[in-house]
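**Q** For reference, the structure I am asking about is given below.
What follows is calculated from the coordinates using simple rules that are stated; it is not laboratory data. Owing to the predicted nature of the structure, the values given are computational and were not obtained by experimental measurement. Every residue, glycine among them, receives a Cβ derived from its backbone with ideal geometry; neighbour counts consider all protein chains shown.
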Amino acid sequence: MNGRYVEQLLLNGKDFFDSDRQLMLDNLPSFMVKGVKVYDKESDLDKYAGTKVKEKKLVMDVNLKKQYHIGTIVNVEAGGGTENRYMGRLFAMRFTPRSRLVAVGNINNLNDNRRPGQNTSWTPESMPTGTFTNKLGGIDYQFEDELSGFKWRTEFTGKHTSSYNYSEQSNEQFLSGGNTFGRSLSTGHSGSTQLYLSNRLDIHKEKIQWSGNLWGNFYRNDSRSGSASATFSGNPELYAGGHVPDSIQGPASGNLLRRLALNRILQTSKNNSDRVSGGADFSVFFHKLYINGTFDFNWSETKSFRHYRLDYPSSDKASDFQNRYQHTRPNYGLN
């Protein structure tokens, strides 16, 4: 806004789904909106303390028309197709002047990562190879009683993505001593899981103001891959009774390999990484005495495995086999 970054999105002056604020803009019908305000918002602590403790935030506040201060919004999409393709999206919100409950969901295997209600074009070309499955779910609940000065908010989101890639390649090299033929295949699986949980409690009384927040985040990534390739002294399709890439994957050399294969390479790998972070913060204002504290931590770990085998099926040359394991020591951080 006028070159300044909008730090917070509000609905009728209240926070909205911090993990994905764009959800409200994509799903809120325009006819319900009275107006949009952009202004510098002071913190609750500054308001009650009467002094500047924290910097003001530039916020965008979407205000609803009076007749829509209580209501329900539901946006649902679902579909199915050939090749076991499917998709489903959900955005649901129930709101009153004192409370709000939002639920979102998104599941599909169409290489589509759009949010519920997003109207932009489907762009599978952004992932040019393989298949991609996306699963997302979350809730956001907020309750506020202005008379008692009590406000509670809970947000939880979970997301899982997975991808699968398969490819085959064939090539022929034209050499003066005789052409060679290469055949290879590769497969890859990867997946990631992310969980986020946040809870916030605010209590504002005449003599004491309390704010506290507790949050945690978990992330896991797993990937597996494999490849097989071979170089032949003759065209393997002329001798193979079946699928050539299938013939070069087995650990033992078959007739085709023993007859034509100059070399063969088999590789498999597996990688795992985990990351956990979390924290808490609080602030108390009591009789012009201000106390605040923060605590946060993070932990991460990575492991990888790899098998490599190079052999020469049509000769007596010794094979090369490598079995590698790498473990990155867990990394800790604490403040």
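**Q** Under 10 Å from the Cβ of A261, count the other residues' Cβ atoms, weight Lys and Arg +1, Asp and Glu -1, and hand me the total.
**A** Around A261, the surrounding residues sum to +3.
**Q** If you don't mind, there's one more thing I want to ask. Kindly give the semi-axes, whole Å and largest first, of the ellipsoid equivalent to region 177-280, taking each as the square root of 5 times a Cα gyration tensor eigenvalue.
**A** Working through the eigenvalues yields semi-axes of 61, 10, 9 Å.
**Q** Of all trypsin sites (Lys or Arg not before Pro) in region 175-243, which ones are in loop regions per DSSP and have a Cβ with at most 15 other Cβ atoms within 10 Å?
**A** K205, K207
**Q** In the structure displayed, which of K37/K57; K66/K205; K65/K135; K37/K66; K14/K57 lie more than 25 Å apart, Cα to Cα?
**A** Where the Cα-Cα span goes over 25 Å, the pairs concerned are K66/K205; K65/K135.
**Q** In what sequence do L195, L136 fall when counting other Cβ within 10 Å, fewest first?
**A** L195, L136
**Q** Taking mean projected area of the Cα convex hull in nm² as the quantity of interest, determine which of [x] 25.3; [y] 16.5; [z] 15.7 was computed from the displayed structure.
**A** Correct label, based on the coordinates given: [x].
**Q** Residues of region 208-222 with backbone nitrogen within less than 20 Å of a virtual label 7 Å along the Cα-to-Cβ line of W152, please, listed as ranges.
**A** Under cut-off, by backbone N: 209-216.
**Q** How high is the relative contact order of the chain? Use alpha-carbon pairs under 8 Å, at least six apart in sequence, and give a whole percent.
**A** It rounds to 10 percent for the chain.
**Q** Treating only the Cβ atoms of Lys and Arg (+1) and Asp and Glu (-1) as charged, compute the dipole magnitude of the chain about its Cα centre; round to the nearest 20 debye.
**A** The calculated dipole for the chain is roughly 520 debye.
**Q** Quick one: net charge of G79's neighbours, Cβ under 12 Å, K/R +1, D/E -1?
**A** It works out to a net charge of 0.
**Q** Additional query: Report the equivalent ellipsoid semi-axes for region 146-334 in whole Å, largest first, defined as the square roots of five times the eigenvalues of the gyration tensor built from alpha carbon atoms.
**A** 62, 17, 10
**Q** Over its Cα atoms, what ratio of radius of gyration to 2.2 N^0.38 Å does region 123-249 give?
**A** Compactness ratio reported: 2.04.
**Q** Same structure, new question: What is the order of I73, I208, fewest Cβ neighbours within 10 Å to most?
**A** Fewest to most other Cβ atoms nearby, the residues stand as I208, I73.
**Q** May I ask you to evaluate 6.51 cos²θ - 1.76 cosθ + 1.60, the Karplus curve with θ = phi - 60°, for each residue of region 89-100 and list the ³J(HN,Hα) values in order in whole Hz, giving x for glycine and proline?
**A** Karplus values, whole Hz, x for Gly and Pro: 9, 9, 9, 9, 9, 10, 9, 9, x, 9, 8, 8.
**Q** Once you list every other residue whose beta carbon is under 12 Å from the beta carbon of M32, what net charge do they have if Lys and Arg are +1 and Asp and Glu are -1?
**A** +3
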